[in-house]
């Protein structure tokens, strides 16, 4: 159910005159307030809302009733009347009581950060799995807001006291209906998860490494994905342009084939309902051989965005086992260098040169992409097995097969044979031994 479906009309679905506020709560750094407001505005614009004004409030003592102070609530109501606002977006998590009280005191339909992100996800999810995940997250969110979400619940004041009125009966019926629907969705998602696991297991048996792009929303992952794969994944200057994971084959120097995965963008304070619902999708990241963390290095809050992404990866169990070689290798890509000033670019270039795991690129212009592909090849090669074998020097089929799939260096030549050093993955060595068993018998 969309957050906009609960209104009496469809006028809020698109073009609603919107006031965006960011309540800075105790412990939150003031320096990020402007960036946070800009991000909230971007989220609103992503679903076609008309942001008329945005405002930052410092909340010294959050109120259980409205979150904001009384004077702040009155000011919001006045802004709403003066600017003919239709919708209030509070860039924070609101309880059902706070949401209802803000609506009553300001006269404005109100949604919080969680509701806004859920609305975007509901509009963007394209696959059956994505829609299931969004619906499950939305029902979980709505379950605690039944009192304000269903107009017929106004009847709850009726009844005979100890028996309870029809309102209570209806609430319980609605809750049971939501619980039943959520249980069905979880079963369907488990089926999807099993199918994904089978696909992953099949890919693991195949000789192709999997590379996953991760990063903050709007960091440029889809633009990079399209450049590497020549695909046409939606890539716009818009938050959450990509929701459903997309996988394509890519070619890399000295690598027969690799699989590139584009994933949903992360965001600060991602609703817990969505983290849980999209865990099956994010498991594609867990199973990857290489994780490419794409950062918008030109963004004013790039460091904070990096911390948010790494925090979510840690929640997924990534970033804890790389030292023993059991986890995926993580490299960091500083994207959008074309947007940097000359001074800032020189400063960041000096930093990147001191860190082998950082590359600077522009997915938009293509700058640095060739070096990035070479870096991926080098990482894949590190996991390969190097063997010295002898082959007939007139057997072009073997040489062609090896050159297409790995790295080949001729060591010596004589007596009609070639001694060569070959670097291949374990799976490819298995394929080679099946296809050319006679090679192993050569002197």
Taking alpha-carbon centroids only, segment 342-361 lies from segment 381-427 a number of Å equal to 37
Extension length gain for residue 193 and residue 65 (0.36 nm per residue less Cα distance), in nm, is 42.1 nm
With label points set 7 Å from each Cα along the Cα-to-Cβ direction at residue 347 and residue 78, the distance between them in nm comes to 4.0
For segment 391-443, the percent of all C-alpha pairs falling in each 5 Å bin, from 0 up to the bin holding the max distance, is 4, 19, 33, 31, 11, 2, 0
The extension gain from residue 385 to residue 25, computed as 0.36 nm times the residue separation minus the Cα-Cα distance, is 124.2 nm
Ordered by fewest other Cβ atoms within 10 Å, a rough proxy for footprinting exposure, 216, 438, 141 read 438, 141, 216
Rounded to whole angstrom, the alpha-carbon centroid of segment 112-136 lies from that of segment 49-70 at a distance of 25
For segment 298-438, shape from the Cα gyration tensor axes a ≥ b ≥ c, cut at a/c of 1.5 then a/b versus b/c, turns out prolate
Expected sort for 380-390, 220-230 on mean C-beta neighbours within 10 Å, highest first, is 220-230, 380-390
Given 89-98, 258-267, 178-187, 396-405, the highest-first ranking by average Cβ count within 10 Å works out to 258-267, 89-98, 396-405, 178-187
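Quick note: the coordinates plus some simple rules give every number you see, no bench work behind them. Just so it is clear, the structure is predicted and the values come from calculations on it, not from any experiment. Cβ coordinates were reconstructed from backbone atoms using ideal geometry, including for glycine residues, and neighbour counts include every protein chain displayed.
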